[in-house]
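Bear in mind these aren't lab numbers, they're just calculated from the coordinates by the rules spelled out. Bear in mind that the values here come from a model prediction, so they are computed numbers and not experimental data. For neighbour counting, all protein chains shown are included, and Cβ atoms are generated from backbone atoms with ideal geometry for every residue, glycine included.
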Amino acid sequence: MRELDVPYAATDNPRQRLDLYRPDRPRTDRLPVIVFLHGGGWLQGDKAEGAAELMPYLQGGEYAGVSVGYRLTDEAIWPAQLHDVKAAIRWIRAHAEAYGLDAGRIAVYGLSAGGHLALMLGFTGDVPALEGDLGPHPGVSTAVSGVVNFYGVTEILGILDQPSALDRRSPQAPEALLLGGPLEDRKEAAAMASPVRHVTPNAPPVITIHGTLDRIVPYGQALHLDRALTDAGVTHYLLTVNGGRHGGLPEAVNARAAAFLDRILLGRDTVISTEALAVPESD
């Protein structure tokens, strides 16, 4: 079953829509939910990309999937994107009974810009100042059970001094467009939009998957997050892909992400290896 283009914020904005997927033969009456957030540097991308990412998880009948659209930087600057995805989580939770979803088992899964938003969701479920007021379900929790972060930005100001194929000091850098101006002029906003600045011991479990040769979001961003989560005592896993770039990672990373989701959403005693993977030389 799929229900596409569902408005989650009670607006006519086509970006504020979600796609809901349920397996044809669900194993239980209340399925845990994997929420997909697309990438694209907050500049582009579409929730339709979520279908291919979510379908493998639905095949066993144990998960439902939701792919969420959000406003891009040509329309709105930060924190509009976070407010959008929080409104989507509220919608999912408010409609859980109607769609056979388990409101207590929601994980977020993001690629690149979506990874950044997934981390922000994970770390700010109890921060009223960042909730926003979108949608018809105020007061519904936006807390999530876990985060799958594929190469998302974690410390925006830190990216200025890391090797990158992009000029991060330019007003046209993705993070500058997100925040409404050059990073050096938006330091307070950059701090508020950086997941590492919101890490607390109450954060949900996280798995981060990142390639060492990523020149779009430098690998050092994953190390920033790893240190912050370690210092806070948060359960987390850093999966390094030696030679990996921004996307195109080995298929084996998906098995690690699946093991993580099975552990946090299904309660299985899965082994989540953090042994580094490598991109084959032929790639």
remark   = Charge dipole of the chain built from unit charges on the beta carbon (Lys, Arg +1; Asp, Glu -1), centred at mean Cα; most positive-end Cα among LEU54, ALA94, PRO163 is ALA94
ask   = What does the helix-only formula give at 222 nm for the chain: each DSSP H stretch with n ≥ 4 adding -39500 (n - 2.57), the total divided by the residues, and the result rounded to the nearest 500 deg cm²/dmol?
value = -8000 deg cm²/dmol
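What is the dipole size for the chain, taken about its Cα centre, with +1 at each Lys and Arg Cβ and -1 at each Asp and Glu Cβ, in debye to the nearest 20? If you can, show how the numbers build up before the last one.
Details: 24 positive and 34 negative charges, 73 e Å.
Roughly 360 debye, rounded to the nearest 20.
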key: Estimated D of region 209-273 in µm² per second, where Rh is the Kirkwood radius over Cα pairs and Stokes-Einstein applies at 10 °C, 1.306 mPa s   = 124 µm²/s
key: For ALA193, distant residues with modelled amide H under 5 Å away   = none
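With a cut-off of at most 12 other beta carbons within 10 Å, and DSSP calling the residue loop, which trypsin sites (Lys or Arg not before Pro) in region 129-189 qualify? Please list them.
Values: sites: ARG168, ARG169, ARG186, LYS187; in loops: ARG168, ARG169, ARG186.
Answer in residue order: ARG169.
Listed highest first by mean packing, meaning other Cβ atoms within 10 Å per residue, what order do 225-232, 116-123, 36-43 come in? If you can, show how the numbers build up before the last one.
On the way: 225-232: 18.1, 116-123: 28.1, 36-43: 22.8.
Ranked from most to least packed, the peptides come out as 116-123, 36-43, 225-232.
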Region 70-158, Rg to Rh (Cα coordinates; Rh as Kirkwood inverse mean 1/r) = 0.96
ask   = Out of residues 5 or more away from VAL35 or on other chains, whose amide H comes under 5 Å of its own, with H placed 1.01 Å from N in the peptide plane?
value = VAL66, ALA107, VAL108, TYR109
key: When the convex hull of its Cα atoms is projected in every direction, mean area for region 2-278 (nm²)   = 13.1 nm²
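Just for region 127-283, what percent of DSSP beta bridges are antiparallel, to the closest 5?
Working: 1 of 13 bridges.
Antiparallel bridges: around 10 percent, rounded to the nearest 5.
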Length added when fully stretched, ALA143-ALA10, from 0.36 nm per residue minus Cα-Cα = 45.8 nm
remark   = Phi-derived 3J(HN,Hα) across region 80-96 with the Karplus relation (6.51, -1.76, 1.60, θ = phi - 60°), rounded Hz, x for Gly and Pro, is 4, 5, 5, 4, 5, 5, 5, 4, 5, 5, 4, 4, 4, 5, 5, 10, 4
message = Which log10 I(q)/I(0) values does region 134-202 give at q = 0.13, 0.18 Å⁻¹ under the Debye formula, counting every alpha carbon as one identical point scatterer?
response = -0.49, -0.80
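Quote the charge dipole size of region 10-65 about the Cα centre in Debye, to the nearest 20; the model charges only the Cβ of Lys and Arg (+1) and of Asp and Glu (-1).
Details: 7 positive and 8 negative charges, 28 e Å.
Around 140 debye, computed over region 10-65.
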key: Note, ³J(HN,Hα) from phi for region 142-148, Karplus 6.51, -1.76, 1.60, rounded to Hz, x at Gly and Pro   = 10, 5, 10, 8, x, 9, 9
ask   = Just going by the charge dipole of the chain, with Lys and Arg at +1 and Asp and Glu at -1 on Cβ, which of GLY243, LEU178, LEU229 is farthest out on the positive end?
value = LEU229
ask   = Taking every DSSP beta bridge that has both residues in the chain, what percent is antiparallel when rounded to the nearest 5?
value = 25 percent
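Select from region 11-109 those GluC sites (Glu not before Pro) which occupy a DSSP coil region and have at most 12 other Cβ atoms within 10 Å, ordered by residue number. Walk me through the numbers before you get to the answer.
Working: sites: GLU49, GLU53, GLU62, GLU75, GLU97; in loops: GLU62, GLU75.
Hits after loop and neighbour filter: GLU75.
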ask   = Ordered by residue, what ³J(HN,Hα) values in Hz, to whole numbers, does region 21-26 give under the Karplus form 6.51 cos²θ - 1.76 cosθ + 1.60, where θ = phi - 60° and Gly and Pro are x?
value = 10, 10, x, 5, 10, x
ask   = Using modelled backbone amide H atoms (1.01 Å from N, in-plane), which distant-in-sequence or interchain residues come within less than 5 Å of GLY244's amide H?
value = THR212, LEU213, VAL279
